[in-house]
Structure formats: structure tokens, C-alpha cells
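Working notes, structure below.
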Amino acid sequence: MIAQEQIPTVLDHPVYDTEGKKIGDAKHVFLDDATGRPEWVTVKTGMFGTNESFVPIKDASVVSDHLEVPYSKDRVKGAPHVDVDGGGHLDASEEQRLYEYYGIAWDEAWQRANEPGDRGWARGDGDGTAGAAGTAGLAGTAGTAGTAGMTGTDDTAAPLGDAMTRSEERMHVGTEEVETGHVRLRKYVVTEEVQQTVPVRHEEVRVVREPITDANRDEALSGPEISEAEHEVTLHEERPVVETRAVPVERVRLETDEVTEEETITGQVRKERIEIEGEDTGVARDPGDGLGR
């Protein structure tokens, strides 16, 4: 558990989970009215910090410039929703729901808060007779349970004088890079039928008869006059032969192109309004001063 004097070092600082992942930034610290000790811390989560989740601060610890809590990021983001702006008050039913979600024994916590001398869990009526369970305290000070809002102030703060500061939230939109998918190249083999015409040659026998002439008489009469004889001729032909060779034909690669598109982001911002109370003194009001009537 963190001490009262450590609260200013927690607010608006990062909060990390058990795996060292950033959950968000600490925004409010809620004090236990029965003990005055820090009981809960709210963490802004989401891409633009639009969600605010309650986390028990009992087993949290301040490490360097951030707060570490013994819960995972997903568990914190899934905590029951409680309206932080609803008067800065965490009533008993809401706190019980949070205790049960985080696996903390509600009965033991209730008994601790109702020990003799404690003020119990009842909502205060403003007269100091009873304390409100889980009221957001003023960070960094003691004895200020029951008020939510400013950091580093107490009930004895100096008067504001004749002027006050009006503040408002401004929306700052950023971008983050996330994975949207994977594309890969895969090469596989297919077999296709290919037809190609190729000329082939072969030999055929043709009988040639020549009359006896003076030119071939000696060769024709070189053998016996009457005899048997054979003459053999070998025939040849060409046959197609198929041979395949692998040759490179092209190179294929993946490239990414960056495309910029316009997207409209809608968010919520809070503004402070200042009202003038009392009799109408005829004071002129600037339409843009944020004063409410």
C-alpha cells in the first residue's frame, strides 16, 4: 500500500501491470473514510484515455516514476464501471462489487472499517458525524476524505480572492501503429500439358532398275552367269526426344505502399462553468466567458 505522502507522485503517472505492461495513467486516489488511507486508484485506459477503471491500491507499490499493481492489464480494463464524476463518491455497493471482482474478501474489509472508533460505511450528512465509504480524498493530504478533485490542497487553503480560474479539457488526437494482417508469398509446382510440333525423318526403300550399258557392263558381268544372291539395306528414322530444363523467367516480391486517409474522431471533453450567485447586480457578461446563469 502506498502512503499519503506518495499520492502526489502517483497522480498523472503511468500504472503498470504484473507483466510490466503499461495500463494507463493514474487520475484519482480514493481514501477510506474509516482509516484515511489510500484505498483505490483510478486508471485512464483506452487509446485516448476515455475509460477510467478502479484498481485496489492495497498491494500496489511505487517504483521509480510509476505505480505497479498486482493485476493484469486486461483485468483492470474489465473492472466494473463506476461513475468517477458522480460526486467523487464510491458508495458501499459499488465498493463491494469492486472487491468481489478483484477477489478481495468484502466481509473482512467491512469489519476493518467498522471496528470500534471507526465511522463506518454510512454516507456523511455534512456534519462530520459519519463518513462516506470510499470517498475520493485530496491527494497528498490527510483528513480530507469526502472531497474529490484538486491535488496538493487541503481545507485550510488560502482564499482564492476575487477571481477564479476556469479550465477545460482539450482533445488531442494521435495515432498508433497496429497490425492489421499478414501477406506472404508461397511458391508451388503445377504440371501442364504442352504440345509442340517437331519434324522427324525416316528412310524408305525404293527399287531402282538400270539397263545394261557400256558404262556398267563390266560391273554387271563380274559375277557368275547364273547364281543366287542377297543384298541387305539398313533403314533409319528419327524419333522425338523430350528433355526439360529449368530456366528463370521472373522475380516476384512484396512491397507496401503507405496510404493516408482522413478519419473523423469523436471524443468527449469536460469544461468548467462558473455561475454567479446572489442578487442581480447588473454585471455585464461576456458571452464567451463560460459563466452559467
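The values are calculated or read from the model by the stated rules, or taken from the named source; none is laboratory data. In this text the structure is predicted, and so the values were computed from the model without any measurement. Here the Cβ positions follow ideal geometry from the backbone for every residue, glycine too, while neighbour counts run over all protein chains shown. Heavy atoms of the whole protein, side chains included, go into the accessibility calculation; ligands, DNA and RNA do not. Shrake-Rupley method; radii C 1.70, N 1.55, O 1.52, S 1.80 Å.
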(message) I need the full set of residues from segment 159-196 which are modelled with pLDDT under 90, farther than 30 Å from R253 by Cα and either over 32 Å from the mean Cα position of the chain (by Cα) or open to solvent by 100 Å² or more (accessible area, probe 1.4 Å) (or both), in order please.
(response) P159, L160, G161, D162, A163, M164, T165, R166, R170, H172
(message) Please verify whether E210 is open to solvent by 100 Å² or more (accessible area, probe 1.4 Å), over 60 Å from the mean Cα position of the chain (by Cα) and at pLDDT 85 or above, treating the condition exactly as stated.
(response) yes
(request) Scan segment 269-288 and give yes if some residue there is open to solvent by 100 Å² or more (accessible area, probe 1.4 Å) and over 30 Å from D162 (Cα atoms), otherwise no. (result) no
(request) State which residue pairs qualify: first residue closer than 11 Å to L235 by Cα and in a loop (DSSP other than H, G, I, E, B) and inside segment 203-214, second residue of a type in the set (S, T, N, Q) and open to solvent by 100 Å² or more (accessible area, probe 1.4 Å) in any location, beta carbons under 9 Å apart, and separation of 6 or more residues or different chains. (result) none
(request) Output the qualifying pairs, or none if there are none: Cβ atoms under 6 angstrom, residues six or more apart or on different chains, first residue in segment 55-76 and part of a helix (DSSP H, G or I), second residue not aliphatic (A, V, I, L, M). (result) K73/D17; K73/K21; V76/S53
(message) For segment 213-228, which positions are open to solvent by 100 Å² or more (accessible area, probe 1.4 Å) and either of a type in the set (V, I, T) or under 30 Å from V242 (Cβ atoms) (or both)?
(response) I226
(request) Of the numbered conditions (1) in contact with an Asp or Glu (Cβ under 6 Å, 6 or more places away or on another chain); (2) modelled with pLDDT of 85 or more, V69 fails exactly one; give the number of that condition. (result) (1)
(request) Please enumerate the residues belonging to segment 233-245 that are surrounded by fewer than 10 Cβ atoms within 10 Å (Cβ to Cβ) and of a type in the set (D, E). (result) E237, E243
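When you look at D154, is it loosely packed, with under 10 Cβ neighbours inside 10 Å, of a type in the set (D, E), modelled with pLDDT under 90 and outside any strand (DSSP E or B), yes or no? Working first, answer last.
Details: loosely packed, with under 10 Cβ neighbours inside 10 Å: no; of a type in the set (D, E): yes; modelled with pLDDT under 90: yes; outside any strand (DSSP E or B): yes.
When the stated conditions are applied, D154 does not pass them.
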(request) Say whether the condition of being open to solvent by less than 100 Å² (accessible area, probe 1.4 Å) and free of Cβ contacts under 8 Å to residues at least 24 places away in the same chain is met by at least one residue in segment 246-262. (result) no
